[in-house]
1. Counting only residues that are among the charged types (D, E, K, R) and more than 17 Å from residue 152 (Cβ to Cβ), give me the helices (runs of 4 or more DSSP H) lying completely in the stretch 8-112 with at least 1 of them.
2. Can you say whether residue 29 is open to solvent by less than 20 Å² (accessible area, probe 1.4 Å), among the acidic types (Asp, Glu) and within 16 Å of the ligand (Cβ to nearest atom), as far as the supplied structure shows?
3. Could you go through the stretch 70-78 and let me know if any residue there is of a type in the set (Phe, Trp, Tyr), in contact with a helix residue (DSSP H, G or I) (Cβ under 8 Å, 6 or more places away or on another chain) and crowded, with 21+ Cβ neighbours inside 10 Å.
4. Take the residues of the stretch 167-190 that are of a type in the set (Phe, Trp, Tyr) and crowded, with 20+ Cβ neighbours inside 10 Å: which is nearest to residue 156 (Cα to Cα)?
5. So if I check each of 195, 202, 231, which one is closer than 24 Å to residue 107 by Cα and modelled with pLDDT of 95 or more?
6. Quick check on this structure: which one of 132, 81 is open to solvent by 50 Å² or more (accessible area, probe 1.4 Å), among the charged types (D, E, K, R) and over 19 Å from the mean Cα position of the chain (by Cα)?
Amino acid sequence: MLLHLCTWAEVEARLARSTGIILPIGSTEQHGPNGLIGTDAICAEVFARAVGEAEDALVGPTINVGMAQHHLGFAGSMTLRPTTLIAVVRDMVQSLARHGFDKFFFINGHGGNVATVTAAFSEIYAEHSLRRPDDGNGSGASNALRPRCAIKNWWESEAAHRLSRELYGAEEGSHATPSEVSVTYYAYPDAIKSAEMSPRVAPSGRFTDSTDYRSRFPDGRIGSNPALASAEHGKRIVEAVTPDLAAAYRRFLAE
Ligand code: NI
């Protein structure tokens with residue numbers, strides 16, 4: 001169930017059954033010659049909704065702009081600074097924690113978010129750790145709701161690795177991958193693009209800022225050949241990866 005399609009009374013009733021919530025987080029950034037700008041946000045949302053359905057879990061709003069400063073050399077890319085994203089994650093978690101949610105499972109579509117979102121979790125935990133036991137109304141920090149957070153990268157699930165090896169082998173790469181482009185083509189078949197890839201497989205390597213990135217990876221891809229992407233592959237990937245992510249969510253709730 002999507003949070004934004006619930007009434008407050010429905011959310012209150014759900015909270016009596018489960019205090020867990022899934023939060024999709026992605027990015028709005030270039031994805032090479034045939035990949036959609038929204039690829040990472042779309043993938044996170046597709047998987048979060050699928051897991052929400054499979055587990056009858058609540059799914060919060062998608063954070064669809066992430067930490068993507070290195071992509072700003074390409075038109076349409078947007079970023080939040082790390083400090084901004086930390087503040088966004090923290091405020092969202094604490095808003096929901098106020099109502100009694102205490103298990104926050106982020107399904108992530110963008111590798112560039114990981115360090116920053118993990119830092120946001122540390123900020124959230126630090127707030128509780130730094131509180132004096134006798135603060136507030138005397139209830140004590142030990143009795144206060146203590147949020148627990150996790151971030152799960154969909155492409156690192158076992159099924160995602162297996163299918164990527166089977167379908168694309170060494171042409172998967174690490175940015176604008178045929179796997180992620182396939183998932184978006186499955187979700188939005190009207191937005192499928194085609195483009196020449198030159199070279200067929202993009203170069204690999206590291207980068208620092210957006211100027212450095214563009215000079216090393218002129219068409220935006222890293223190590224990938226997304227011309228191999230298809231909606232049919234996307235369907236297979238979504239169907240195979242969703243049970244892995246659902247199992248990860250169940251384990252998280254049970255921890
Ligand atoms: Ni991506």
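The values are calculated or read from the model by the stated rules, or taken from the named source; none is laboratory data. Predicted model only: the values in this text are computed from it and were never measured. So basically every Cβ, Gly included, is an ideal-geometry build from the backbone, and we count neighbours across all protein chains shown. Just the protein is used for accessible areas: all its heavy atoms, side chains included, with ligands, DNA and RNA removed. Shrake-Rupley method; radii C 1.70, N 1.55, O 1.52, S 1.80 Å.
1. On the way: elements: 8-15, 39-55, 82-98.
The helices (runs of 4 or more DSSP H) meeting that bar are 8-15, 82-98.
2. Values: open to solvent by less than 20 Å² (accessible area, probe 1.4 Å): yes; among the acidic types (Asp, Glu): yes; within 16 Å of the ligand (Cβ to nearest atom): yes.
Answer is yes for this residue.
3. Taking the stretch 70-78 and keeping what is of a type in the set (Phe, Trp, Tyr), we get 74.
Filter again for in contact with a helix residue (DSSP H, G or I) (Cβ under 8 Å, 6 or more places away or on another chain), leaving 74.
Right, trim to crowded, with 21+ Cβ neighbours inside 10 Å and you get none.
No: zero hits.
4. Of the residues in the stretch 167-190, the ones of a type in the set (Phe, Trp, Tyr) are 168, 185-186, 188.
Applying the additional criterion that residues be crowded, with 20+ Cβ neighbours inside 10 Å yields 168, 185-186.
Numbers: 168: 15, 185: 20, 186: 19 Å.
Out of the qualifying residues, it is 168.
5. 231
6. Values: 81 fails: over 19 Å from the mean Cα position of the chain (by Cα).
The unique qualifying residue is 132.
A quick yes/no check of all residues on (1) within 19 Å of residue 36 (Cα to Cα); (2) buried (at least 20 other Cβ atoms within 10 Å of the Cβ):
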| residue | (1), (2) |
| --- | --- |
| 196 | yes, no |
| 217 | yes, yes |
| 240 | no, no |
| 243 | no, no |
| 246 | no, no |
